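Since the structure comes first, as structure tokens, the remarks are kept for the end.
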Amino acid sequence: MYYLEVSEFVERMDSVAGEKIRVNGAVLIDTIHYDTNKGELTFTLKDTDGPQKLNVIYRGSPPDLVDREGVTIVAEGIYRPAEKLFISSNLLVKCPSKYEKKGDSA
């Protein structure tokens, strides 16, 4: 399934409000907060090649590696313009290459 970069999403946010979409961006480490009482993870995604940002809320346990430097995430969900918030129902963590498995040497 196709996803939008944060900058692409910002350009189209009015036309996609209320629709289920995917947005890709880099997690800003200093914006990550997990409220254990509510079971809510909040963070900001930054455009991988620009200044655009998007606030995200996800209800559920934080995925592994979400708090690592250089991690990008594809957040699937719905944008609520009145709240200026992207409500994510699913997070797909894209690990940096240093965490990926190296090829077989045989």
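The values are calculated or read from the model by the stated rules, or taken from the named source; none is laboratory data. For clarity, every value in this text was computed on a predicted model and none was experimentally measured. Here Cβ is always computed from backbone atoms with ideal geometry, including for glycine, and neighbour counts include all displayed protein chains. The area values use the complete protein model at the heavy-atom level, side chains included, leaving out ligands, DNA and RNA. Shrake-Rupley method; radii C 1.70, N 1.55, O 1.52, S 1.80 Å.
Looking across segment 65-87, the residues that are part of a loop (DSSP other than H, G, I, E, B), open to solvent by 20 Å² or more (accessible area, probe 1.4 Å) and either among the polar types (S, T, N, Q) or in contact with a strand residue (DSSP E or B) (Cβ under 7 Å, 6 or more places away or on another chain) (or both) come down to LEU65, LYS84. Using the structure shown, decide if ASN37 is at pLDDT 90 or above and more than 14 Å from GLU76 (Cα to Cα). Here the answer is yes, as ASN37 does meet what is asked. When the criteria are applied in full, VAL27 fails the requirement of being within 17 Å of ARG80 (Cα to Cα), β-branched (Val, Ile, Thr) and open to solvent by less than 80 Å² (accessible area, probe 1.4 Å). The set of residues from segment 28-40 being in contact with an Asp or Glu (Cβ under 8 Å, 6 or more places away or on another chain) and hydrophobic (A, V, I, L, M, F, W, C) comprises ILE29, ILE32.
Mind checking which residues of segment 46-64 are touching a residue at least 40 places away in the same chain (Cβ under 8 Å), buried (at least 18 other Cβ atoms within 10 Å of the Cβ) and either assigned to a strand (DSSP E or B) or touching a Cys at 6+ places or on another chain (Cβ under 6 Å) (or both)? Selection gives LYS46, LEU54. Checking THR36, THR42 one by one, the residue that is of a type in the set (Ser, Thr, Tyr) and surrounded by 13 or more Cβ atoms within 10 Å (Cβ to Cβ) is THR42 and no other. Residues that are acidic (Asp, Glu) and in contact (Cβ under 8 Å) with a residue 40 or more places away in the chain within segment 68-93 comprise GLU69, GLU76, listed in sequence order. Can ARG22 be described as in a loop (DSSP other than H, G, I, E, B), basic (Lys, Arg) and either within 15 Å of SER89 (Cα to Cα) or open to solvent by 40 Å² or more (accessible area, probe 1.4 Å) (or both)? Spelling it out, it is not the case that ARG22 is in a loop (DSSP other than H, G, I, E, B), basic (Lys, Arg) and either within 15 Å of SER89 (Cα to Cα) or open to solvent by 40 Å² or more (accessible area, probe 1.4 Å) (or both).
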